[in-house]
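Written out below as structure tokens is the structure these notes cover.
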Amino acid sequence: MKLENPTPINWKFSDRAEQLQSSAIREILKVTMRPEVISFAGGLPSPETFPVERMKAAFDKVLSTQGKAALQYGPTDGYAPLREFLADSLSVDGSRILPEQILMVSGSQQGLDLLGKVLVDEGSKVLVETPSYLGALQAFSVYRPEFVSVDTDAHGLIPASVASKGAGARLMYALPNFQNPTGRTLSVERRVELVETCARMGIPLIEDNPYGDLCYSGEPLPKMLNMNPGGVIYMGSFSKVLTPGIRLGYVVGPTPLIRKLEQAKQAADLHTAQLTQMVVYEVIKDGFLAEHIPTIRNLYSRQCNVMLDAMKKHFPAGVEWTTPEGGMFIWITLPAHIDSNELLAEAIQQNVAFVPGGPFYANEAEKNTMRLSFVTVSPERINEGIEKLGKLIKARIPA
Ligand code: PMP
């Protein structure tokens, strides 16, 4: 039965909702879904690396041996065997991480939202790198902080800038490994200085590390978490080492914070899906990641080199770029007069896409920057796309 005069609601959104915006990347991704588009825009891992058969077998095993538990509600803090496994793998000599310091979350993106919820009041000072991960800026901005842009150079975040700008901040958000968007890695010396500075100033330091395992050579650098477990909040994710579709990540931190986050998570979604946590535990418990991660590193390292070579060949003098030692992104700095938004409009007409750098800045944007991802594009298409971009950039440089 329907009303005689059905009347739609005239929506009045909350002030908080009114200031929400769609991510610039998601808007660009809509355009790049067309198969003819060579897209360097996505932050998506390569589906070639997804261990589909392995996941299928694990779903099957979990459902046939523990089906009822897997399909039941579960605890908010997460599936205990998985938290124990993670606690062990995060522990190093002299720094033992306990399972109660770990909260499983529905993708580390949820961890960012929960951290904003429990640490940030309206107007709170939040320190972020220049530039920083757009999704974190989006997650924190719901809680209406005052973003303070910490200075960076070719080697990433400058810890002294935290000392000079950070007094009274509620948190410092840092991406020490193969940063999104720049691909830069923070040296061990700078890590130590950053951890010390934040500890001295009483600022919780978030170490977001979804790409840390994807180093192209050598071993991952030491985690800031282990340098000062009482002051660092570590965030891990299965999105880049298994698959993002399962939406599984974790936050590690001092127990008073984790208990507070747990209350916030309870209100948000009760708990992360039991089934996926049990399946991931089944997949990784016997050391699968140690054999799987090198295949991802090799693929990304090859693709990265193809893009770097293509840029050397096709980009004109005056264009600079980072040389990542891992991860998924290269950051380009164009001559100062070129606005990458305008370049994108032209590039899309030629079926090439990338993400302009502007949205990655919390405050004043450097519009002559852009982020390129090389992981989901074949070597031939990387070359073709970079050649087209090179021509468009050259056309904007006066002879
Ligand atoms: N942090 C960073 C730096 C990221 O790049 C991403 C994903 N693009 C996330 C967090 C969120 O990852 P997820 O929610 O898939 O774990």
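The values are calculated or read from the model by the stated rules, or taken from the named source; none is laboratory data. Note that this is a predicted model, so its numbers are computed, not measured. In this analysis, Cβ positions are derived from the backbone assuming ideal geometry, glycine residues included, and neighbour counts consider all displayed protein chains.
Within this structure, V280 passes the test of being within 25 Å of T376 (Cα to Cα) and assigned by TED's automatic domain parsing to the domain that holds G78. Among residues that are more than 16 Å from the ligand (Cβ to nearest atom), in a loop (DSSP other than H, G, I, E, B) and in the same structural domain as A273 (by TED's automatic domain parsing), D77 is included. Just one of the listed residues (A160, A136) is in the same structural domain as Q263 (by TED's automatic domain parsing), modelled with pLDDT of 95 or more and within 16 Å of the ligand (Cβ to nearest atom), namely A136.
Scanning segment 224-254 for residues that are more than 15 Å from the ligand (Cβ to nearest atom) and either part of a loop (DSSP other than H, G, I, E, B) or hydroxyl-bearing (S, T, Y) (or both) yields N228, P229, G230, G231, G253, P254.
Of the residues making up segment 355-378, those that are in contact with a strand residue (DSSP E or B) (Cβ under 8 Å, 6 or more places away or on another chain) and outside any loop (DSSP other than H, G, I, E, B) are V355, P356, G358, F360, T369, M370, R371, L372, S373.
Only a single item in (1) touching a residue at least 40 places away in the same chain (Cβ under 8 Å); (2) in a helix (DSSP H, G or I); (3) away from the ligand (no atom under 16 Å from the Cβ); (4) not β-branched (V, I, T) is not met by G111, and it is number (3).
Residue-wise test of (1) touching a residue at least 12 places away in the same chain (Cβ under 8 Å); (2) not hydroxyl-bearing (S, T, Y).
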position	(1), (2)
K2	no, yes
P8	no, yes
S39	yes, no
E53	no, yes
T65	no, no
G74	yes, yes
D77	yes, yes
D88	no, yes
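Of all residues in segment 70-90, how many are within 23 Å of the chain's Cα centre (by Cα), surrounded by 15 or more Cβ atoms within 10 Å (Cβ to Cβ) and among the small types (G, A, S)? Here the count works out to 2.
Condition check for K68 on (1) within 23 Å of G231 (Cα to Cα); (2) of a type in the set (D, E, K, R); (3) at pLDDT 95 or above: one failure, at (1). Against the test of being at pLDDT 90 or above, outside the structural domain of P220 (by TED's automatic domain parsing), of a type outside the set (S, T, Y) and farther than 22 Å from P244 by Cβ, the options E36, E84 yield a single qualifying residue, E36. Here L98, L119, L103 are screened, and the one residue that is within 16 Å of the ligand (Cβ to nearest atom), out of contact with any Pro (no Cβ under 6 Å at 6 or more places or on another chain) and hydrophobic (A, V, I, L, M, F, W, C) is L103. List the strands (runs of 3 or more DSSP E) inside segment 118-220, counting only whole elements, that have at least 2 residues being surrounded by fewer than 23 Cβ atoms within 10 Å (Cβ to Cβ). Passing ranges, in order: 146-150. So, of the residues in segment 3-22 that are modelled with pLDDT under 90 and of a type in the set (G, A, S), which turns out to be nearest to A136 (Cα to Cα)? By that ranking, first place goes to S22. Here F13 meets the list (1) part of a loop (DSSP other than H, G, I, E, B); (2) under 28 Å from Q303 (Cβ atoms) almost entirely, failing just condition (2). Is at least one residue of segment 259-271 within 16 Å of the ligand (Cβ to nearest atom), among the acidic types (D, E) and not assigned by TED's automatic domain parsing to the domain that holds P45? The answer is yes; a qualifying residue exists.
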